[in-house]
1. Using Cα atoms only, what is the angle between the long axis of helix 156-171 and the major principal axis of the chain, expressed in degrees (0 to 90) to the nearest 10?
2. Given L334, G40, L83, which one lies farthest toward the positive end of the charge dipole of the chain, if we put +1 on the Cβ of every Lys and Arg and -1 on the Cβ of every Asp and Glu?
3. Of D139, D84, which has the most accessible area with a 1.4 Å probe, and how do the rest follow in descending order?
4. So what is the relative contact order for the stretch 263-327, in percent, with contacts set as C-alpha pairs under 8 Å and at least six apart?
5. Relative contact order for the chain: what is it in percent, counting Cα pairs under 8 Å that are at least 6 residues apart?
6. Please sort by residue number the GluC sites (Glu not before Pro) in the stretch 1-88 whose DSSP state is loop and whose Cβ has at most 15 other Cβ atoms within 10 Å.
7. In percent, how large is the relative contact order of the stretch 297-366, given Cα pairs closer than 8 Å and 6 or more residues apart?
8. Quick one: if you take sqrt(5λ) for each eigenvalue of the C-alpha gyration tensor of the chain, what semi-axes come out, biggest first, whole angstrom?
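The values are calculated or read from the model by the stated rules, or taken from the named source; none is laboratory data. Treat the numbers as computed from the prediction; the structure is a model and nothing was measured. As a convention, Cβ positions derive from the backbone with ideal geometry for all residues, glycine included, and neighbour counts pool all protein chains shown. All accessible areas refer to the heavy atoms of the entire protein, side chains included, with ligands and DNA or RNA removed. Shrake-Rupley method; radii C 1.70, N 1.55, O 1.52, S 1.80 Å.
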Amino acid sequence: MKADVLLGLQWGDEGKGKIVDVLTPHYDIIARFQGGPNAGHTLEFDGKKHVLHTIPSGIFHEEVINIIGNGVVIDPVIFSKELDNLSAYNIDFNKRLLISKKAHLIIPTHRLLDQASEESKGKNKIGSTLKGIGPTYMDKTGRNGLRVGDIFLDNFKNKYDVLVEKHLGILKHYPSFSYDLKQLEEPFFRAIEVMKKMTCIDSEIFVNQQLKEGKKVLAEGAQGTMLDIDFGSYPFVTSSNTITAGTCTGLGIPPNKIGKVIGIFKAYCTRVGSGPFPTEQENEIGEKIRQEGNEFGATTGRKRRCGWLDLPALKYAIMINGVTELCMMKADVLSIFDEIKVCTHYLINGEKNEYIPFEAFDNKIEPVYLTLPCWRKDLTQLNEFENAPLELKEYVSFLEKHLELPIHILSVGPDRKQTLALSEKKVNN
Ligand code: GDP
Ligand code: IMO
Ligand code: MG
């Protein structure tokens, strides 16, 4: 069997959590491969809303195994809170949630370093979620990190102390930054005890054995392609590879064992944090999208910046990820407009660009828009694509043609049930 991948094609928050939850009944295993508690994946069903940060979005389905892969960074404190939040569901975590021993740990001083670094950058800050992601991945690549497997070793505390000592040395370079480490360490070590009771394994061996036995695996991305450390709008990115290739390194799945790549995007764009956003609407339009789409961060509560759909960025993301099918979210939010705009290309120094180039990440970029009629109808009760307003059908066809890929799923509201499957025939309409 090959593993399928679902990942974000924009700047994160595309609705990955919702769709992973919707697709989980088709899979045996759901696995996160990168990122950490900077992610906030929202699921809604039975009138309840859940936000997951570290735990994969398949956790609400019985019989399905969820894996936190080696590419993920875990904050034990946030992780144990997530477990507490799920206590009402009587989930057998020991059987259904497996953690890679090779996943790296976010320790309290990683969070302090993140904060100190952001504060020192002033206006140029990344807009990090301040969860310690950057410093933890730095220690991973710098070969200083602590891993989940280390918590079972007798010398764990010693290894921890050595790393903290190093961090305290770096923090001295931020003399105006004050902190109380003791206060953060107490919940940290309590959470380490919680983690010790979990099932921690060599998940790359497990995943490959399961694939060999014909089990179906879905890898769940976090963040989005435009936040990828290599291909995103550097330096305003996260610190991991959010793209399909990240599945290989973050779970140990070989490239020739990747099956479908499901690329997910909103019918418009959002971004939280700093950095270039060519189609941003810092005006009444952006504000309307934010209110209608409830565009506030699931992890930090920050206002998300909003703008029109950006096809050059989307095409770039499709290319990098080898996307095989698409999933369009939040079409219902655009119902408030008479007309919608789509950026079809950019002008950079007068030259037409159909993909997002290096130069696009400074300010000389001019998005060129196509204006399309909107549907002006409530979509949240729509249960068959057949019954969709003509303008929405045309919007879907337009995108499929331009992106040269089929849209297989259309989401018209936050609930699990507000999800339409589209037939493959339509692509060539
Ligand atoms: P993720 O990080 O990709 O999982 O996305 P988030 O959970 O951070 O953000 C997506 C937000 O949009 C959440 O509040 C979802 O409940 C909500 N949502 C998902 N799909 C739809 C949709 O089709 N329509 C509307 N109106 N909201 C949606
Ligand atoms: P999900 O998985 C949206 C953004 C931050 C910041 C930059 C770096 O919910 O889509 P970091 O904390 O990684 O150092 O922040 O990346 N960012 C996200 N934006 N959704 C996310 O995750 C994000 N995770 C990080 O806002 O701009
Ligand atoms: Mg999110």
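1. Rounded to the nearest ten degrees, it is 70.
2. The residue sitting most towards the positive pole is L83.
3. D84, D139
4. That works out to 45 percent.
5. Normalised by residue count, the contact order of the chain is 20 percent.
6. Numbers: sites: E14, E44, E62, E63, E82; in loops: E14, E62, E63.
Answer by residue number: E62, E63.
7. Details: 53 pairs, mean separation 25.0, N = 70.
Relative contact order of the stretch 297-366: 36 percent.
8. Taking √(5λ) for each eigenvalue gives 36, 26, 19 Å, largest first.
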